[in-house]
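Data first, discussion second: the structure below is written as structure tokens.
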Amino acid sequence: MELPKVVVRNGRKMLLVDGEPFILLSGELHNSSSSTTAYMEPIWERMAALHLNSLLFPVTWQQLEPVEGEFHFDLVDGLIAQARAHGMRIGLLWFGAWKNANCSYVPDWVKTDLERFPRAELEKGARYKEVAFGQLRMPYTTLSAFCAETTRADARAFAALCAHLRDADTERTVVLIQVENETGILGASRDHSDLADAAFAAPVPRELVEGLLARREGLVEDVRAALERRREGSWQEVFGEAADEVFMAWHTARHIEAVASAGKGEYPIPMYANCWLVQGGKPGMYPSGGPVYRVLEVYQVAAPSLDWLAPDIYVPEFCGTCARYAKQGNPLFIPETALHSGATARLIWAVGQCHALCFAPFGIDDIGSLMDASLGAGVGMDVSDERIRTRLDPREYARVNALLRGLTPLLAARYGTDDLQAVIAEEPDRNEMTFGDIRLRVQFGLPGGAEGLPSACLAARTGPREFCLLGVNCMPRFASLDPEKPYLEYLTIEEGEFAEGAWKLRRVLNGDDEYLRLREPTVLRLTVHPYA
Ligand code: DGJ
């Protein structure tokens, strides 16, 4: 069967699965759920009922290679068989040398051999620290990114996994792989081991400087300004204040590149890296060296085997964060985001406005319950966000996924163009979309309806005067911008859904229903008529 692959369409990267555009309508499982097939048995059914087309979950180095050189593939094979039985695809997460900036998922033979696999030094000589997040204090240690032996061992295990998938996953159930999980170092802005110190004193690689200059448009201000001043010298000399983070990003990304390229050498399917976001504070308060927006271009230069870099979004500022990652040829792919009531509208908006390749609330196996803020506090979740005290409605979420699955060919054909746009109540001042001389204004919420319900609307232009909408809790209204034909009426309005490529009409709307009010997630097809 054809391998999943990344192609560029309309100037944007797009994922093809079985030769067709594929948007991962997905969710990420809790870290430990996929550690046995028995635990997963009842979960698949529930996830399929949400109309997800895929799930993201880890394969851990710890379980894959418990004894050096002995690989255990039974678990991953069992999970693939379960996914197939439920008609779902998988995005595997390689929990290798790094998981949330620490090394808890490496096998015992790596953890216990501190000579062969040295830890990062958070201060000279200190490979352990308690890291504080508000009131929480976390014990913390991590591997050093500067040890060639660690890179070699991680890459060898990952290559073994990929070679196995190539031979065993003949139906291509696994469509992509995340390489490591939220890399970087906490508790210090850089590693202070002897190996790291030597690398820090060495000249900045020419390849990096040239690569950054070629991407100068996208660089953050301080990195761009540093390169305007100086292009040769040590990391400190060239990058000044930003030196520690750029240095850690380069070396961490080089490790990831070694792992990803070893994997792709066996099995060239799409691969990416994810990050714990910058959340105020200095590097080290968030993982220094992970692919945060400040160093996206460093990663693009250092790790060409990665197809994109992905944000894990647990902050209230969802839309602005998406915009930071949908740039410089990087498509938006959200492998983790908060599981709360806002996710329904965010899914519609991320697909419609940012042309996202994936949307995956974290801990999807707990959908319908409140997010566990105590879990998230030490791993990058902004627990002050009021929304995490609201539940994501499984019925509503399932409906949006079902509708989006039917709409995928129509939407994907418009990715990278202005013919697909969306608005969301989280950006109340941006409530209009313009398609040539037709304007679509959206009122968020419904008169007399409850306050604060998720509200968003996407619109695809399907012909000069034809549109397809998907909205929830909103009132869309079209208008003409043509001065020659300033009035606008509807010709036809149909409510329904696409299934297996065909439009299934539910109702023809007119009369009272011409004043479009979308309470439940709803798809409409309509033709407008501007006149004078
Ligand atoms: C981000 C990590 O990538 C996940 O594995 C998980 O730890 C979540 N945080 C929990 O909020």
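Numbers for the structure displayed
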read-out	value
Residue match in the stretch 326-342 (condition: within 13 Å of the ligand (Cβ to nearest atom) and surrounded by fewer than 19 Cβ atoms within 10 Å (Cβ to Cβ))	no
Condition met for Val292 (within 16 Å of the ligand (Cβ to nearest atom) and at pLDDT 95 or above)	yes
Filter pass, Ser374 being within 16 Å of the ligand (Cβ to nearest atom), farther than 30 Å from Val7 by Cβ and assigned to a loop (DSSP other than H, G, I, E, B)	no
Where Ala398 falls short, out of the listed (1) open to solvent by less than 50 Å² (accessible area, probe 1.4 Å); (2) small (Gly, Ala, Ser); (3) within 16 Å of the ligand (Cβ to nearest atom)	(3)
Pick from the stretch 25-75, criterion in contact (Cβ under 8 Å) with a residue 12 or more places away in the chain, of a type in the set (Phe, Trp, Tyr) and more than 15 Å from the ligand (Cβ to nearest atom), ranking: least open to solvent (accessible area, probe 1.4 Å)	Trp44
Glu2, sole failed condition from (1) within 14 Å of the ligand (Cβ to nearest atom); (2) over 20 Å from the mean Cα position of the chain (by Cα); (3) of a type in the set (D, E, K, R)	(1)
Residues of the stretch 78-120 classified as of a type in the set (Gly, Ala, Ser) and either modelled with pLDDT under 95 or within 16 Å of the ligand (Cβ to nearest atom) (or both), total	5
Residues satisfying the stated conditions in the stretch 285-312, i.e. in a helix (DSSP H, G or I) and in contact with a helix residue (DSSP H, G or I) (Cβ under 6 Å, 6 or more places away or on another chain)	Tyr293, Val295, Glu297, Val298, Tyr299, Val301, Ala302
Residues within the stretch 313-325 that are of a type outside the set (A, V, I, L, M, F, W, C), within 16 Å of the ligand (Cβ to nearest atom) and assigned to a loop (DSSP other than H, G, I, E, B), tallied	2
Residue in the stretch 344-353 that is surrounded by fewer than 23 Cβ atoms within 10 Å (Cβ to Cβ) and of a type outside the set (Asp, Glu) present	no
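One line per residue, one yes/no per condition, for (1) open to solvent by 70 Å² or more (accessible area, probe 1.4 Å); (2) over 18 Å from Leu306 (Cβ atoms):
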{"site": "Ala198", "(1), (2)": "no, yes"}
{"site": "Arg206", "(1), (2)": "yes, yes"}
{"site": "Gly211", "(1), (2)": "no, no"}
{"site": "Glu221", "(1), (2)": "yes, yes"}
{"site": "Arg231", "(1), (2)": "yes, yes"}
{"site": "Arg254", "(1), (2)": "yes, no"}
{"site": "Ser261", "(1), (2)": "no, no"}
{"site": "Lys264", "(1), (2)": "no, no"}
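The values are calculated or read from the model by the stated rules, or taken from the named source; none is laboratory data. What you see is a predicted model; the values in this text were computed from it and never measured. Cβ: placed from backbone, ideal geometry, glycine included. Neighbour counts: every protein chain shown. Side chains included, ligands, DNA and RNA excluded: accessible areas come from the protein's heavy atoms. Shrake-Rupley method; radii C 1.70, N 1.55, O 1.52, S 1.80 Å.
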